[in-house]
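What follows is a single structure, written as structure tokens, with notes after it.
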Amino acid sequence: MCCQDVPDARAIRQIKTRYRTLAPVMDERLRRQWAASEAQSYGRGGVSAVSSATGMSRNTIRKGIAETVLRKKNPKAVVSTRVRRPGGGRKALTESDPGCGRHWRLWWSR
């Protein structure tokens, strides 16, 4: 491993400080794209450095990089207000177990 591949501890602390400041106000997409921007500005080893500083998955950061590259190619593209794709996330319990609502009401009415 070359010395250029080792993330700089000072830079990682700075990334961590910026992340801790911004994380409470960022949604999932903004967090991913912010991390991508940090990784790109860091240069070689940026994905690993940002991952170390934030605890985010390298794949998540790479996905953010892909999104920013796509945005540069087509800056006039409409940005969806959705953070997740339709159908993403956990299904409602009443959808996965249709009798659940009835059982819950019976139990609750005791």
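Pairs of lysine residues in the chain that meet both criteria, 8 or more places apart or on different chains and Cα atoms under 25 Å apart, total 5. Let's test the formula: R0 of 41 Å, r as the Cβ-Cβ distance of Ser41 and Lys91. What FRET efficiency results, to the nearest 0.05? Calculated transfer efficiency: 0.60.
Full extension of the chain segment joining Leu22 with Arg62 gains 12.4 nm, where the gain is 0.36 nm per residue of separation less the Cα-Cα distance. Sparse packing (at most 11 other Cβ atoms within 10 Å of the Cβ) combined with a DSSP loop state is found for the following trypsin sites (Lys or Arg not before Pro) in the stretch 21-78: Arg44, Lys76.
I'd like to know how the chain sits against the 2.2 N^0.38 Å rule of thumb: what's its Cα Rg over that expected value? Can you show the working numbers first?
Details: Rg = 20.3 Å, N = 110, 2.2 N^0.38 = 13.1 Å.
For the chain, the normalised Cα radius of gyration is 1.55.
Readers should treat all values here as calculations from the given coordinates under stated rules, not as data from a laboratory. Predicted model only: the values in this text are computed from it and were never measured. Neighbour counts are summed over all protein chains in view; Cβ atoms, including those assigned to glycine, are modelled from backbone coordinates with ideal geometry.
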